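The values are calculated or read from the model by the stated rules, or taken from the named source; none is laboratory data. Small disclaimer: the values here were computed from a predicted structure and weren't measured. Note that each Cβ is placed from the backbone with ideal geometry, even for glycine, and that neighbours are counted across all protein chains shown.
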Amino acid sequence: MKDVTKLILEDGAVQDRRIYWDQDIYEQELEQIFARAWLFLAHESQLPKPGDFLTTRMGEDNVIVARQPDGSIKAFINSCPHRGNVVCHADSGNARSFTCAYHGWAFGLDGDLVTVPLEHDTYYDAIERPRYAMHPVAKVESYKGLVFGTFDASAPSLRDYLGDMAWYMDSFLDVPGGVELLGPPMKSILNCNWKVPVENFIADGYHVGWAHAAALKAIESPLSPLAGNQAYDVNTGLQVATRGGHGFGVIWDAAAAIHPDGALYRDWIAQREPLVREHLGEWRARFYNGHWDASIFPNCSFLYGTNTWKLWLPAGPHNIEVWTWTLVEKDMPEALKQMMVATNMMTFGTAGMLETDDGENMEQCTGSNRGWVTRRGKLYSGMGQVREGTHPELPGIVGKGIVCETSNRGFYRRWAELMSGRSWEEIAREPHYAPNRQVA
Ligand code: UNU
Ligand code: FES
Ligand code: FE
């Protein structure tokens, strides 16, 4: 295993470029991160009934996620234990069983092997069926409707894994009726390393006025003045790195700000905000009406407000698949939900204006490291490091203003911890990054 301590320096502010390019580092990520961490699978609303299933990926492993007759959700690897064929080719559906197209082995909704053609005459009834169940995902748990899975039975509970990020996300998850993800997801491919979009969403308020200048002008909305950094109030909001590598940045009073005609959404927020304040307090009410850019470690990102929800599925060190849903509150009126979907498609859908701005930069940021000498250089995300600290009322490490790289550094500190191969317990016992400074 590679010693990764030299790849991430200065408390996460300096990254070795090889982490975006080298195949051996990527393989170590599949082993130490994607085979251990909790990975986003679905929202429960996608699997309302017993037999409902969808297929997705955990790292590069194909999995089936299925609602069981008892209402629980299970997941298992979508590869036949006989000769390895992919068993389920559908994106989603409802099934009583999954039958392999090659020799006809059939598996129950829980992945158990239930039918073996010609079993008596060919295996002489000597096949031990329990040994040939589809490989289970070790743990599947939900947090307020968001379903995650991990291949590591020794991983902490999902609630512990999300840690303080759950406290922040409650601002919009813990509303009456809850949330749902509208799909099916838009799917596209990008020739970039999976960490590049994760860091863009977790921390990059810096690029918004610059890289998206033309798009923000074209989309006439309250965000238009940001174009070209003409009127970008970099001190609005804050940025948070939570323990565990999750984080976000927020622009205050801006949840609806990217929508060209946001009146319907602003009315909705105005009507719901008092409920959030009563239920969760003043801070979370502010977060509820903020626009967030965020990532959940390792590869799930979202922009609350816009309202896009993303999965960056790794496909080798230089490639990803992008899956994009629209996050809405279940109780929103249908017209508002449709507006959310339309804005998401226009901004961060496959052909979305901001998605294409970002995609170009993400591919170039990755591809430049093809250069053997280039690859031996470093990258720098030290913005705001001298100002971040603890906060009297907010958990995690807080950076000042939306244009800041506090959460980017938190992501890379976590990346280095897991990549070291130490156990969850060892990592938890170690002293954490803790700047001796308070931020108001
Ligand atoms: O591109 C983004 N991450 C972004 C766009 C963030 C906030 C508003 C608009
Ligand atoms: Fe930031 Fe070039 S200015 S990548
Ligand atoms: Fe962007």
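Let me spell it out: the conditions are (1) closer than 18 Å to Met346 by Cα; (2) surrounded by 20 or more Cβ atoms within 10 Å (Cβ to Cβ), and Pro314 meets all of them except one. Which number is the exception?
(1) is the only condition that Pro314 fails.
Filter the strands (runs of 3 or more DSSP E) completely within the range 134-212 down to those with at least 2 residues that are modelled with pLDDT under 95, polar (S, T, N, Q) and within 16 Å of ligand 3 (Cβ to nearest atom). First the steps, then the outcome.
Details: elements: 139-143, 146-150, 179-190.
Those strands (runs of 3 or more DSSP E) do not exist here; none qualify.
Filter the range 394-436 down to the residues that are of a type in the set (Phe, Trp, Tyr) and touching a Phe, Trp or Tyr at 6+ places or on another chain (Cβ under 6 Å) and list them by number. Steps first, please.
Applying the first criterion (of a type in the set (Phe, Trp, Tyr)) to the range 394-436 yields 411-412, 415, 424, 433.
The answer is none; no residue qualifies.
Sort through Trp309, Trp325 and tell me the only one that's within 28 Å of Gly244 (Cα to Cα), touching a Gly at 6+ places or on another chain (Cβ under 8 Å) and modelled with pLDDT of 95 or more. Even if it seems obvious, please write down each step before you answer.
On the way: Trp309 fails: touching a Gly at 6+ places or on another chain (Cβ under 8 Å).
When all the criteria are applied, what remains is Trp325.
For Met332, state whether it is away from ligand 1 (no atom under 16 Å from the Cβ) and either part of a helix (DSSP H, G or I) or hydrophobic (A, V, I, L, M, F, W, C) (or both).
Working: away from ligand 1 (no atom under 16 Å from the Cβ): yes; either part of a helix (DSSP H, G or I) or hydrophobic (A, V, I, L, M, F, W, C) (or both): yes.
Considered against the rule, which asks whether it is away from ligand 1 (no atom under 16 Å from the Cβ) and either part of a helix (DSSP H, G or I) or hydrophobic (A, V, I, L, M, F, W, C) (or both), Met332 comes out as yes.
Note down all Cβ pairs under 9 Å where the first residue falls in the range 191-209 and is among the basic types (Lys, Arg), the second is in a helix (DSSP H, G or I) and within 14 Å of ligand 2 (Cβ to nearest atom), and they're at least six residues apart or on different chains.
Hits for this filter: Lys195/Tyr20.
Quick one: in the range 221-249, which of the residues that are β-branched (Val, Ile, Thr) and more than 12 Å from ligand 1 (Cβ to nearest atom) is farthest from Ile8 (Cα to Cα)?
As a first pass, look at the range 221-249 and keep what is β-branched (Val, Ile, Thr): 234, 236, 240, 242.
Pick out the ones that are also more than 12 Å from ligand 1 (Cβ to nearest atom) and you get 234, 240, 242.
Details: Val234: 27, Val240: 20, Thr242: 18 Å.
Looking at the filtered set, the residue picked out is Val234.
Taking the criterion of being surrounded by fewer than 22 Cβ atoms within 10 Å (Cβ to Cβ), touching a residue at least 60 places away in the same chain (Cβ under 8 Å) and in contact with a Ser or Thr (Cβ under 6 Å, 6 or more places away or on another chain), would at least one residue in the range 15-35 satisfy it?
Within the range 15-35 (the criterion being surrounded by fewer than 22 Cβ atoms within 10 Å (Cβ to Cβ), touching a residue at least 60 places away in the same chain (Cβ under 8 Å) and in contact with a Ser or Thr (Cβ under 6 Å, 6 or more places away or on another chain)), the answer is no, since none of the residues qualifies.
How many residues are surrounded by 20 or more Cβ atoms within 10 Å (Cβ to Cβ) and not hydrophobic (A, V, I, L, M, F, W, C) when one looks only at the range 60-73?
Qualifying residue count for the region: 1.
Yes/no matrix, rows are residues, columns are (1) within 16 Å of ligand 2 (Cβ to nearest atom); (2) in a strand (DSSP E or B); (3) touching a residue at least 40 places away in the same chain (Cβ under 8 Å):
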residue: Pro274; (1), (2), (3): no, no, no
residue: Trp292; (1), (2), (3): no, yes, yes
residue: Thr326; (1), (2), (3): no, yes, yes
residue: Gln338; (1), (2), (3): no, no, no
residue: Ala351; (1), (2), (3): no, no, no
residue: Leu354; (1), (2), (3): no, no, yes
residue: Asn361; (1), (2), (3): yes, no, yes
residue: Thr366; (1), (2), (3): yes, no, yes
residue: Trp372; (1), (2), (3): no, no, no
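In this structure, is Thr326 within 16 Å of ligand 3 (Cβ to nearest atom), crowded, with 20+ Cβ neighbours inside 10 Å and over 30 Å from Ala416 (Cβ atoms)? First the steps, then the outcome.
Working: within 16 Å of ligand 3 (Cβ to nearest atom): no; crowded, with 20+ Cβ neighbours inside 10 Å: yes; over 30 Å from Ala416 (Cβ atoms): yes.
Judged against the criteria, Thr326 is not a match.
Quickly run through the range 198-234 and pick out the residues that are more than 14 Å from ligand 2 (Cβ to nearest atom) and touching a helix residue (DSSP H, G or I) at 6+ places or on another chain (Cβ under 6 Å). Full working, then the answer.
We begin by selecting, within the range 198-234, every residue more than 14 Å from ligand 2 (Cβ to nearest atom); these are 198, 201-202, 214-228, 230-234.
Listed by number, the residues that qualify are Ile202, Ala215, Leu216, Lys217, Leu223, Ser224, Leu226, Ala227, Gly228, Ala231, Tyr232.
If I filter the range 78-105 down to residues being within 17 Å of Arg129 (Cβ to Cβ) and β-branched (Val, Ile, Thr), which single residue comes out as surrounded by the most Cβ atoms within 10 Å (Cβ to Cβ)?
Val87
Would you say Arg266 is closer than 20 Å to Ala285 by Cα and away from ligand 1 (no atom under 14 Å from the Cβ)?
So Arg266 passes the test.
Write out, first by first residue and then by second, each pair whose Cβ atoms fall under 6 Å of each other, whose residues are 6+ apart or on separate chains, and whose first residue, in the range 299-311, is more than 21 Å from Gly149 (Cα to Cα) while the second is of a type in the set (A, V, I, L, M) and not in a strand (DSSP E or B).
Filtered contacts from the range 299-311: Gly305/Ala255; Thr306/Ile258; Asn307/Met340.
Can we say Glu388 is of a type in the set (Asp, Glu), touching a residue at least 40 places away in the same chain (Cβ under 8 Å), farther than 17 Å from Leu162 by Cα and in contact with a Pro (Cβ under 9 Å, 6 or more places away or on another chain)? Let's see the steps before the verdict.
Values: of a type in the set (Asp, Glu): yes; touching a residue at least 40 places away in the same chain (Cβ under 8 Å): yes; farther than 17 Å from Leu162 by Cα: yes; in contact with a Pro (Cβ under 9 Å, 6 or more places away or on another chain): yes.
Judged against the criteria, Glu388 is a match.
Residue check: is Thr306 more than 16 Å from ligand 2 (Cβ to nearest atom), outside any loop (DSSP other than H, G, I, E, B) and surrounded by 21 or more Cβ atoms within 10 Å (Cβ to Cβ)? Let's see the steps before the verdict.
Numbers: more than 16 Å from ligand 2 (Cβ to nearest atom): yes; outside any loop (DSSP other than H, G, I, E, B): no; surrounded by 21 or more Cβ atoms within 10 Å (Cβ to Cβ): yes.
It is false that Thr306 is more than 16 Å from ligand 2 (Cβ to nearest atom), outside any loop (DSSP other than H, G, I, E, B) and surrounded by 21 or more Cβ atoms within 10 Å (Cβ to Cβ).
Take Gly396 and tell me if it is surrounded by 15 or more Cβ atoms within 10 Å (Cβ to Cβ), on the phi > 0 side of the Ramachandran plot and not basic (Lys, Arg).
Judged against the criteria, Gly396 is a match.
Quick grid of which residues meet (1) more than 16 Å from ligand 3 (Cβ to nearest atom); (2) under 23 Å from Leu30 (Cα atoms); (3) surrounded by fewer than 21 Cβ atoms within 10 Å (Cβ to Cβ); (4) within 24 Å of the chain's Cα centre (by Cα):
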position	(1), (2), (3), (4)
Met340	yes, no, no, yes
Asn369	yes, yes, no, no
Thr374	yes, no, yes, no
Arg414	yes, yes, no, yes
His432	yes, no, yes, yes
